[in-house]
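Everything on this sheet refers to the single structure shown next.
The values are calculated or read from the model by the stated rules, or taken from the named source; none is laboratory data. A quick note: this is a predicted structure, and the numbers were derived from the prediction, not measured. So basically every Cβ, Gly included, is an ideal-geometry build from the backbone, and we count neighbours across all protein chains shown.
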Amino acid sequence: MTPEQFASLMQPIIDFAGGKAVDRDLAAALNQRFPASGSDVMAVEYACNSAIKAGWMCAQGSPGRRFGRVIPACPQTRDLSVDVIDLTDFAGSLHRHPHGEICLIMPVDETARVDGKGRGWCVYGPDSTHRPTVKGGRALVLSLLPGGAIEFVE
């Protein structure tokens with residue numbers, strides 16, 4: 001899996017989510033169109049795990065908290081950046097999403113929960129803040145950020 005192949009794999013999701021209001025309706029629509037147990041999401045999850053093993057994804061950070069921006073926001077991505085975060089029993093830094101955040105939670109350990117949520121899509125609306133917290137093991141989080149915008153509060 002190369003970065004270019006990953007970008008191609010993400011394009012249908014990006015095309016679906018890009019330009020829509022970042023709200024609960026979007027989370028419901030993503031969970032319906034790209035269900036967590038569906039072939040599209042399973043392919044993304046497999047690609048993330050392969051890219052992490054290859055060393056080009058989640059190349060920043062330290063054990064228990066690895067991350068990286070995989071695709072920058074640009075016209076081809078409908079102004080959505082794609083970040084992937086690999087967390088194990090971790091409470092992250094408080095941060096703000098000026099334009100919202102669209103997350104795909106992919107537990108590596110089935111008991112892992114991200115902010116109390118299991119496998120699937122969740123959305124944090126514009127101007128939301130949170131401290132991403134993973135309990136119960138290891139999880140990958142794929143994050144689509146409108147404009148690539150994220151502001152760390154601490």
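Checking residue 48 against (1) over 16 Å from residue 100 (Cβ atoms); (2) in a loop (DSSP other than H, G, I, E, B); (3) among the hydrophobic types (A, V, I, L, M, F, W, C), which test does it fail?
(2)
For the range 43-66, give me the residue count where each residue is surrounded by 13 or more Cβ atoms within 10 Å (Cβ to Cβ) and more than 18 Å from residue 4 (Cα to Cα).
3
Find all pairs meeting these conditions: Cβ atoms under 6 angstrom apart; at least six residues apart or on different chains; first residue within the range 61-77 and in a helix (DSSP H, G or I); second residue at pLDDT 95 or above and β-branched (Val, Ile, Thr).
77/14; 77/71
Between 131, 138, which is at pLDDT below 95 and on the phi < 0 side of the Ramachandran plot?
131
Could you please let me know if residue 141 is more than 22 Å from residue 61 (Cβ to Cβ), aliphatic (A, V, I, L, M), part of a strand (DSSP E or B) and touching a strand residue (DSSP E or B) at 6+ places or on another chain (Cβ under 7 Å)?
The answer is no for residue 141.
From the list 66, 78, 24, exactly one residue is under 17 Å from residue 138 (Cβ atoms) and of a type in the set (Lys, Arg). Which is it?
66
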